[in-house]
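Right, one structure below, let's go through it.
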Amino acid sequence: MPGTGAVAAIVVVVVVLSLVIATGLLYWAAGMVGIATRTFGKSLASTILGAIASVILSLVLGFIFGSIPVIDFALSFVGGLLVMGLIVSSIFRTTFGKGMAATVIADLISLLIAGAIFGALYVVVVSAPW
């Protein structure tokens, strides 16, 4: 069993890798919607600030609507997308529509990738001889 230091190192690597992937997807999506001022640095800043703002918004909405789980989840999800769209549009200095489109495209691509990974893992685990 790995020690605490090894587990902490694995967590750090996974977080950094996830951040780089999310940043790359946002950079790619910004190019798809025609944001001319896109850079990897702006994508990184948008990803970090968007994640922080989304967590704060989810905590606030969870505090307010925590007793109603479906509404809490829906408001947190939609609110997170809107906040991320606002952050992307302000950092990239573009319209809210383009910022929102880049956010939604990046999120959809990440969901497709995660679904493919978990689907493949499910097939491997289910077809394993144990």
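The values are calculated or read from the model by the stated rules, or taken from the named source; none is laboratory data. Everything numeric in this text was worked out from a predicted model, so none of it was measured. We place every Cβ from the backbone using ideal geometry, glycine too, and count neighbours over all the protein chains shown.
LEU44 falls short on exactly one of the conditions (1) modelled with pLDDT of 95 or more; (2) buried (at least 21 other Cβ atoms within 10 Å of the Cβ), and that condition is (2). Taken over region 48-71, the residue count meeting the criterion of being polar (S, T, N, Q) and either modelled with pLDDT of 95 or more or exposed (fewer than 15 other Cβ atoms within 10 Å of the Cβ) (or both) is 1. Residue count for region 3-33 satisfying the condition of being closer than 19 Å to PHE92 by Cα and within 12 Å of the chain's Cα centre (by Cα): 8.
Which of the numbered conditions does VAL123 fail, given that it passes all the others? Conditions: (1) at pLDDT below 95; (2) in contact with a helix residue (DSSP H, G or I) (Cβ under 6 Å, 6 or more places away or on another chain); (3) among the aliphatic types (A, V, I, L, M). The one condition VAL123 does not meet is (2). Which of the residues belonging to region 81-109 are among the polar types (S, T, N, Q) and either more than 18 Å from VAL55 (Cα to Cα) or touching a strand residue (DSSP E or B) at 6+ places or on another chain (Cβ under 6 Å) (or both)? Within region 81-109, SER89, SER90, THR94, THR95 qualify.
When the test is whether a residue is surrounded by fewer than 16 Cβ atoms within 10 Å (Cβ to Cβ), within 17 Å of the chain's Cα centre (by Cα), among the aliphatic types (A, V, I, L, M) and more than 25 Å from VAL16 (Cα to Cα), ALA36 does not pass it. Confirm whether ILE21 is modelled with pLDDT under 95, in a helix (DSSP H, G or I) and surrounded by fewer than 13 Cβ atoms within 10 Å (Cβ to Cβ). No; evaluated as a whole, the condition is false for this residue.
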